[in-house]
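Here is the structure we will look at, set down as structure tokens.
The values are calculated or read from the model by the stated rules, or taken from the named source; none is laboratory data. Keep in mind that what you see is a predicted model, and the values were worked out from it rather than measured. Virtual Cβ from ideal backbone geometry, glycine too; neighbours counted across all protein chains shown. Note: areas computed on protein heavy atoms with side chains; ligands, DNA, RNA excluded. Shrake-Rupley method; radii C 1.70, N 1.55, O 1.52, S 1.80 Å.
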Amino acid sequence: MQDLTSHGGGGRTGFSGRLLRGGTEPDPRFTLANERTFLAWIRTSLALLAGGVAVEAFMADLFAPELRKTVAVLLLVLALLIGGGSFFRWLNVERSMRRKDPLPLPWIAPVLAIGGGLVAAIMAVFVLVRPA
Amino acid sequence: MAWGRTTLSLTVAAAVFLRWMPHHGWFAGTLVAASVVTAVAINLTRKRRFHRAINGVKHEAMTPDVASIAAVAASVIILAGLGICTVLLIPVEQ
């Protein structure tokens, strides 16, 4: 592995050099695994995005407009948070690996769990109380 | 593979955004265009990323592709932001 502390970032220049300063280059397999995890979070975010749009576009006959709008906005805000959070999670993990620190806990996981649970609860209540 | 799957997800999102076009007009069209442009950009740079990963593993040293990662994250944030604006601010065309 390459020591990059002595020459200010080594192969890292420009944007990458500014974000990932110092430390030693980790095993490329770890860097690639971190990238794949980032992409998995991005796909989760895109699924939430499509879900939000689908609720707003396809459920006009089923839900009251206010409820439809609330669920759609909730899903879209969740997509926004997961999309942004995935980048910071990737960056923090990459920095931790370079400094050989313990990996940080992903705060987007509880956000996704709480947000997804909230949307599911709203839908469940709606289905239960909706007149037949 | 992971980038390819992300391209597919963006294409699906673009297809779902298409459903908004009769109700929200050109504004939904910008969402479709943004998703498609991101998917095409990922696809066009796929070979470069693949060779970069292979060389990284071969030489046991690799600089992460920060620009691609930041660009994809920014695209998704913009798409979600525009989606929220569409739901809250853009009037539905009958």
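Worth a mention:
- Flag if residue B:69 is within 7 Å of chain A (Cβ to nearest Cβ), open to solvent by less than 80 Å² (accessible area, probe 1.4 Å) and farther than 26 Å from residue A:93 by Cα: no
- Residue that is farthest from residue A:30 (Cα to Cα), among those in the range A:72-101 that are of a type in the set (Val, Ile, Thr) and at the interface with chain B (Cβ under 10 Å from one of its Cβ atoms): A:73
- Residues being farther than 11 Å from residue B:6 by Cα and of a type in the set (A, V, I, L, M) - total across the range B:41-51: 2
- Residue in the range B:17-27 that is exposed (fewer than 14 other Cβ atoms within 10 Å of the Cβ), on the phi < 0 side of the Ramachandran plot and either within 12 Å of the chain's Cα centre (by Cα) or of a type in the set (Asp, Glu) (or both) present: no
- Among the numbered conditions (1) within 22 Å of residue A:19 (Cα to Cα); (2) modelled with pLDDT of 90 or more; (3) within 8 Å of chain A (Cβ to nearest Cβ), the only one that residue B:60 does not meet is (2).
- Only one entry in A:64, A:33 is under 30 Å from residue A:128 (Cα atoms), more than 9 Å from chain B (Cβ to nearest Cβ) and small (Gly, Ala, Ser), namely A:64.
- Hits in the range B:77-94 - residues which are open to solvent by less than 20 Å² (accessible area, probe 1.4 Å), without any contact (Cβ under 8 Å) to a residue 12 or more places away in the chain and out of contact with any Lys or Arg (no Cβ under 8 Å at 6 or more places or on another chain): B:80
- Residue pairs whose Cβ atoms lie under 7 Å apart, sitting 6 or more positions apart in sequence or on different chains, and linking a residue in the range A:106-121 that is part of a helix (DSSP H, G or I) to a partner that is among the small types (Gly, Ala, Ser), are A:108/A:85; A:108/A:86; A:111/A:85.
- Residue A:45 satisfies every condition listed in (1) out of contact with any Lys or Arg (no Cβ under 8 Å at 6 or more places or on another chain); (2) of a type outside the set (A, V, I, L, M); (3) open to solvent by 30 Å² or more (accessible area, probe 1.4 Å); (4) facing chain B (nearest Cβ under 9 Å) except (3).
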